[in-house]
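Visitor: Just dropping this structure here.
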Ligand SMILES: Cc1cc2nc3c(=O)[nH]c(=O)nc-3n(C[C@H](O)[C@H](O)[C@H](O)COP(=O)(O)OP(=O)(O)OC[C@H]3O[C@@H](n4cnc5c(N)ncnc54)[C@H](O)[C@@H]3O)c2cc1C
């Protein structure tokens, strides 16, 4: 039988860091290992929107609807967690209808103009999610790692794992896009592949953008008085769209463009749970992991320590793919 209270977590992105923190806090002896620095994987190039509103369906819908509350909980446990609660505004997406989902409301042009005073031509309607937020993803990961350490976890950076330890400890694979290759070493197929997405950083004037703005052109937010980030396809088109959408954006300039590989399960839903074929092996790999990391970390830690399945993870199990 694997030893539930000794846990090795492979990968210190936001997912592994969250699992390590919550497991250490719950009393497990945790070792967290990363090939690089904590948060240096795709987490470092995330747009990092806590985009939890509006979801009604999918295996992770209930999990996702707990995401905001889980961040508020984490903020009380880890003071000064770098989270900004700005709300999000979405407009102009193809085929979108003025319909509000959970946590959302439909607002008119005057409200958009109040929320985003620099928008040149406010849309007739937009979806406003007042409870949404965004994070500094590396900052949150580092705070989780510090929190894990404070609860006795051992953390090994710059330590690539080449063979999965089979020493009776529970091993959690949370290695993002590398998870499939690591699991394959044990003959386990985890159907997750790389999905490239591009993050752009722009120099900008203070107070240009106030919320998380999501349009057909970009996901955009202000991360510092002089800095915007956008998740979008083309730097040139994005720059042109920012300048045409916002007054005072004439001097916005592109600072960097980074394309990173998001871990994308084949059916888009999180893969979180024990691997039946290999006792003691547990997998946690998912898309939208900035949004879901606090919830997933807490639930995985509870499953690992109590041995009791968490209902919110029921739709996420690796065995849904068979084999
Ligand atoms: C442009 C862009 C925008 C995004 N926007 C959002 C968003 O708005 N909201 C949202 O929720 N999500 C968003 N995402 C997705 C989100 O960033 C990812 O889901 C999340 O960062 C994945 O975290 P992770 O911990 O699984 O992976 P990673 O951060 O990649 O962590 C995996 C870690 O495993 C380590 N590792 C790999 N192999 C080994 C090994 N052999 N031994 C030891 N360590 C190893 C790596 O070094 C890495 O640190 C976005 C992604 C991108 C690229």
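Read-outs throughout are calculated quantities, based only on the coordinates presented, and are distinct from any laboratory measurement. What you see is a predicted model, and the numbers here were worked out from it, not measured in a lab. When we count neighbours, we look across all protein chains shown, and the Cβ atoms used for this are built from the backbone with ideal geometry, even at glycine.
Visitor: Please work out whether the stretch 273-323 counts as rounded, prolate or oblate from its C-alpha gyration tensor, where a ≥ b ≥ c are the square roots of the eigenvalues and a/c under 1.5 means rounded, while otherwise a/b larger than b/c means prolate and anything else oblate? It would help to have the intermediate numbers written out before the result.
Guide: Details: a/c = 1.84, a/b = 1.25, b/c = 1.47.
Oblate is the answer for the stretch 273-323, as a/c is 1.5 or above yet b/c matches or exceeds a/b.
Visitor: Give me the extension gain from residue 319 to residue 100: residue separation times 0.36 nm, minus the current Cα-Cα distance, reported in nm with one decimal. It would help to have the intermediate numbers written out before the result.
Guide: Numbers: separation 219, 0.36 × 219 = 78.84 nm, distance 3.41 nm.
Extending this stretch completely gives an extra 75.4 nm.
Visitor: According to the Cα gyration tensor, what semi-axes, each the square root of 5 times an eigenvalue, does the equivalent ellipsoid of the stretch 121-209 have, listed from largest to smallest in whole Å?
Guide: On the way: eigenvalues 281, 83, 39 Å².
Value: 37, 20, 14 Å, ordered largest first.
Visitor: Follow-up. Using Cα-Cα distances under 8 Å and only pairs 6 or more residues apart, what relative contact order does the chain have, in percent? Kindly include the intermediate steps, with their values, before the conclusion.
Guide: Working: 752 pairs, mean separation 88.1, N = 323.
This gives 27 percent for the chain.
Visitor: I've got another one for you. For the chain, what is the mean residue ellipticity at 222 nm derived from helices alone (per DSSP H run of n ≥ 4: -39500 (n - 2.57); sum divided by total residues; nearest 500 deg cm²/dmol)?
Guide: Numbers: 8 runs with 84 residues, N = 323.
Estimated from H runs of four or more residues: -8000 deg cm²/dmol.
Visitor: Relative contact order of the stretch 173-323, please, whole-number percent, based on alpha carbon pairs below 8 angstrom and at least 6 residues apart.
Guide: Working: 253 pairs, mean separation 36.9, N = 151.
Reported relative contact order: 24 percent.
Visitor: A follow-up question, please. According to the square roots a ≥ b ≥ c of the eigenvalues of the Cα gyration tensor, what is the shape class of the stretch 7-66, taking rounded for a/c under 1.5, prolate for a/b larger than b/c otherwise, and oblate for the remainder?
Guide: Cα axes put the stretch 7-66 in the oblate bin.
Visitor: In percent, what relative contact order does the stretch 1-144 have, based on Cα pairs under 8 Å that are 6 or more apart in sequence?
Guide: Numbers: 222 pairs, mean separation 43.3, N = 144.
With pairs under 8 Å counted, the relative contact order is 30 percent.
Visitor: Given a Förster distance of 51 angstrom, what is the FRET efficiency for residue 111 paired with residue 259, based on the Cβ-Cβ distance and rounded to 0.05?
Guide: Working: r = 35 Å, r/R0 = 0.68.
So the FRET efficiency works out to roughly 0.90.
Visitor: Could you tell me the center-to-center distance, by alpha carbons, between the stretch 15-66 and the stretch 192-248 in angstrom?
Guide: Each part reduced to its Cα centre gives a spacing of 24 Å.
Visitor: What is the Cα coordinate range of the stretch 157-253 on the first, second and third principal axes, sorted by size from largest, in whole angstrom?
Guide: 60, 25, 20
Visitor: Between residue 69 and residue 243, what is the FRET efficiency for a Förster distance of 51 Å, r being their Cβ-Cβ separation, to the nearest 0.05? Walk me through the intermediate numbers first.
Guide: On the way: r = 37 Å, r/R0 = 0.73.
Here the calculated transfer efficiency is 0.85.
Visitor: Also, quick follow-up: If you wrap a convex hull around the alpha carbons of the stretch 82-166, what volume per residue comes out, as a whole number of Å³?
Guide: Values: hull volume 18.2 nm³, N = 85.
Per-residue hull volume (Cα only) is 214 Å³.
Visitor: Using the per-residue mean of other Cβ atoms lying within 10 Å as a proxy for protection, in what order, highest first, do the peptides 229-236, 144-151 fall?
Guide: 144-151, 229-236
Visitor: Taking a ≥ b ≥ c as the square roots of the eigenvalues of the Cα gyration tensor of the chain, is the shape rounded (a/c under 1.5), prolate (a/b larger than b/c) or oblate? Mind dumping the intermediate values first?
Guide: Values: a/c = 2.02, a/b = 1.85, b/c = 1.09.
Note, shape of the chain comes out prolate.
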